[in-house]
Amino acid sequence: MKTSRRSFLITSIGVATTVALSRQAFADMPKASESDPTAQALGYKADATKVDKAKFAKYVAGQSCSNCSFYQGKATDAWAPCPMFGGKQVAGKGWCSAYNKKA
């Protein structure tokens, strides 16, 4: 099957627009706050270095949302959605007790 240049360009523009719109929707998602009830229940901290190690003995230095299997962004993203927080974004440098190392 041959694809014309015109069909290719129209398809490419459609894909690029969809990607741009989904990135905008991602950017508009609310960010999880440490004061949210879910965040408090999971011990979420936007800065993993501030985790209370006495209260959350499971925490190990180097763990962060960005290297957790639940983090739905790239490891380099500052914020990304997390299913543990109802789709709200969590800080890549954050941590919570649901942490599960990404494979």
Next item on the list: Subtract the Cα-Cα distance of ALA103 and LYS74 from 0.36 nm times their separation in residues, and report this length gain in nm to one decimal.
Entry: 9.1 nm
Notebook entry, point to check: Non-local amide H neighbours of ALA80 (under 5 Å, H modeled in plane, Pro and chain starts lacking H): which ones?
Noted result: VAL90, GLY92
Notebook entry, point to check: Each residue of segment 39-47 in turn: what ³J(HN,Hα) in whole Hz from Karplus with 6.51, -1.76, 1.60 and θ = phi - 60°, glycine and Pro shown as x?
Noted result: 4, 5, 5, 9, x, 5, 10, 5, 10
Item checked: Built amide H within the under 5 Å cut-off of CYS68, gap 5+ -> LYS102
Check: Taking other Cβ within 10 Å of each residue's Cβ, how do ASP47, ASP28 sort, fewest first?
Finding: ASP28, ASP47
Margin query: Starting from 0.36 nm per residue, how many nanometres of slack lie between ALA61 and GLU34 once their C-alpha separation is accounted for?
Written below: 7.8 nm
Next item on the list: Evaluate the relative contact order of segment 31-103 (contact order divided by residue number), counting alpha-carbon pairs under 8 angstrom at least 6 apart; express in whole percent.
Entry: 37
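None of the figures in this text is laboratory data; all of them are computed from the coordinates on show. Quick caveat: nothing in here was measured; it's all calculated off a predicted structure. All Cβ positions, even for glycine, are placed from backbone atoms using ideal geometry, and neighbour counts span all protein chains on display.
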